[in-house]
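The values are calculated or read from the model by the stated rules, or taken from the named source; none is laboratory data. Not measured: the values here are computed from a predicted model. Cβ coordinates were reconstructed from backbone atoms using ideal geometry, including for glycine residues, and neighbour counts include every protein chain displayed.
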């Protein structure tokens, strides 16, 4: 059964069609890559799935339900994301970053937090334990009380993933998780992503420019260019797809062929 | 658990000691009426500054309408005691609730706006509230309500300030309060973490307004008379000054700067001509050397005091 299905999705920004009839199906438990040159519309897809943008036409079905137009409701449905340009709560501690994301599962009410009942104390305690466990998985527990802005870049990226997981999602959207990482960090990240897919039993969709990471990690790949899905298949199929190669390496060859065919036709 | 109870007991004993000492000094007239007025004013200012800090400092929503909420609390409570002859505690509570309801009504439409736009809107709402009181004959119009019984004293102010500080602190240390801080830090990220930002902004606004109303109620029953002019936008700026000086996002800072500024203001009363000049210079100097405010976002805590070496979390449990 597919967890997420995107059907004929289009969106216009002013006069520009940023997405044209995009169709994506994600199987439960799959690890799917969404690749394509800059400006292809990958992040726009993410922004629609999470409810930040409203599509012009088409729909997104998540877990049998239509997604909401409110990002916070989609998080409650079980969609979590990271951002292309890291968006941590910079001036808060690493631990607080994770605890904020746990909010949708909070176990005590507003009233008991004013008076700090036992319910509040217990709830905070279990939140702390849970958050620390999560940080341990990402090897961030030693930084729990440091401010998020003081972490090195790679660890900030990891914290963003940890924070997204704290919402206990069914679907995790990673927007360029390896951006700005060195090969060693990318390698570690690959292992981490694979590990969380198995450990948390979730479905992952990731946008990435690092081809080695995508080819190594993903079982299924969608390729976008100019707002359209131009190819879909396994890493091996994608590697051999001429349209994908053209999109990445320039369209010189195709252009020449087109020109030739036009000339031939005339 | 045991440690927490022990700390709470310690804090309570400490508070009771402060209360007792000042109460004895006041009742034996070592501190005369002049001091009492200013001490009570300090308490009221603490309530106002801490409640505004929840909105401006912790939730990051720049509000300039705090005097408006204060005036709603002041007028409502005055009507209850003076016009209806009902008891003071009820007046404080209803004053707070009335201001809280106004907070919801004003918050829902205006909190869609951000930054400067929100500041201007709240400023406008504050003025609207003032003008409504100005034109309501029932509450005396421009000449205001006079003859309000003087119920506010050290006891009331001290314990109301303590309640305000404790409740707002507890709120901030809860999952709900963390949502508000998350909104200040990054609204888009907060929203994608499942936080209904409009709801939490309105919640913070309402809680802030509620306590401003309580501050207003205490204010009304301290000075015999309230006039719409008392609650103009200058009053909002005064409260904002305390918050910024103390540190946006530090309750301790708000308390210290409310005490400090009330003190400075009282001391300078003898130099009427120079008062505003010295007051302003003082603010400029502090802001030059501590642009993040006296306390920044740091808080005083017993835990830190006892374990100096350990790096402590801003939001850990007491």
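Would you check if residue A:48 is in a helix (DSSP H, G or I), farther than 18 Å from residue B:185 by Cα and assigned by TED's automatic domain parsing to the domain that holds residue A:198? When the stated conditions are applied, residue A:48 passes them. Being in contact with a strand residue (DSSP E or B) (Cβ under 7 Å, 6 or more places away or on another chain) and within 21 Å of residue B:206 (Cα to Cα) is a description that applies to residue B:74. Are any residues in region B:121-149 exposed (fewer than 14 other Cβ atoms within 10 Å of the Cβ) and either part of a helix (DSSP H, G or I) or under 21 Å from the mean Cα position of the chain (by Cα) (or both), and if so, which ones? Hits for region B:121-149 are B:128, B:131, B:137, B:138, B:142, B:143. All of A:173, A:134 fail the test of being outside any loop (DSSP other than H, G, I, E, B), within 30 Å of residue A:61 (Cβ to Cβ), assigned by TED's automatic domain parsing to the domain that holds residue A:209 and touching a helix residue (DSSP H, G or I) at 6+ places or on another chain (Cβ under 8 Å), apart from A:173. Here residue A:25 clears all of (1) buried (at least 20 other Cβ atoms within 10 Å of the Cβ); (2) within 17 Å of the chain's Cα centre (by Cα); (3) away from every other protein chain (no Cβ under 11 Å) except the condition numbered (1).
Would you pick out the residues in region B:188-219 that are without any contact (Cβ under 8 Å) to a residue 12 or more places away in the chain and surrounded by fewer than 22 Cβ atoms within 10 Å (Cβ to Cβ)? Selection gives B:188, B:196, B:199.
Filtering region B:1-39 to residues that are under 30 Å from residue A:125 (Cβ atoms), more than 14 Å from every other protein chain (Cβ to nearest Cβ) and touching a residue at least 40 places away in the same chain (Cβ under 8 Å) leaves B:10, B:15.
Hey, among the residues in region A:83-95 that are crowded, with 21+ Cβ neighbours inside 10 Å and touching a strand residue (DSSP E or B) at 6+ places or on another chain (Cβ under 9 Å), which one's farthest from the other protein chains (Cβ to nearest Cβ)? For region A:83-95, the residue satisfying everything is A:94.
May I ask you to say which residue of B:230, B:241 is closer than 25 Å to residue B:111 by Cβ, in a helix (DSSP H, G or I) and modelled with pLDDT of 85 or more?
Criteria check complete, one pass: B:241.
Checking each residue in region B:105-119 for being surrounded by 14 or more Cβ atoms within 10 Å (Cβ to Cβ) and in contact (Cβ under 8 Å) with a residue 24 or more places away in the chain picks out B:106, B:107, B:108, B:111, B:118, B:119. Could you check, for region A:106-114, whether at least one of its residues is buried (at least 17 other Cβ atoms within 10 Å of the Cβ), out of contact with any strand residue (DSSP E or B) (no Cβ under 8 Å at 6 or more places or on another chain), touching a residue at least 12 places away in the same chain (Cβ under 8 Å) and within 10 Å of chain B (Cβ to nearest Cβ)? Yes - at least one qualifying residue is present in region A:106-114.
Among the residues of region A:52-62, those identified as outside any strand (DSSP E or B), more than 9 Å from chain B (Cβ to nearest Cβ) and surrounded by 17 or more Cβ atoms within 10 Å (Cβ to Cβ) are A:53, A:55. Among the residues of region B:195-227, those identified as more than 14 Å from chain A (Cβ to nearest Cβ) and assigned to a loop (DSSP other than H, G, I, E, B) are B:221, B:222, B:223, B:224, B:227. When each of A:227, A:180 is tested for being outside the structural domain of residue A:148 (by TED's automatic domain parsing) and farther than 27 Å from residue A:143 by Cα, the lone residue that passes is A:227.
Scanning region B:166-194 for residues that are facing chain A (nearest Cβ under 7 Å) and not in a helix (DSSP H, G or I) returns B:174, B:186, B:193, B:194.
Among the conditions (1) away from every other protein chain (no Cβ under 12 Å); (2) in contact with a helix residue (DSSP H, G or I) (Cβ under 6 Å, 6 or more places away or on another chain); (3) surrounded by fewer than 20 Cβ atoms within 10 Å (Cβ to Cβ), residue A:178 misses just one, which is (3).
Somewhere in region A:104-120, is a residue closer than 30 Å to residue A:190 by Cβ and not assigned by TED's automatic domain parsing to the domain that holds residue A:191?
Taking every residue of region A:104-120 in turn, at least one turns out to be closer than 30 Å to residue A:190 by Cβ and not assigned by TED's automatic domain parsing to the domain that holds residue A:191.
For region A:63-82, taking the residues that are facing chain B (nearest Cβ under 7 Å) and not in a strand (DSSP E or B), the one that is nearest to residue A:8 (Cα to Cα) is identified as A:71. Listed conditions (1) surrounded by fewer than 24 Cβ atoms within 10 Å (Cβ to Cβ); (2) more than 13 Å from residue B:77 (Cα to Cα) are all met by residue B:222, apart from (2).
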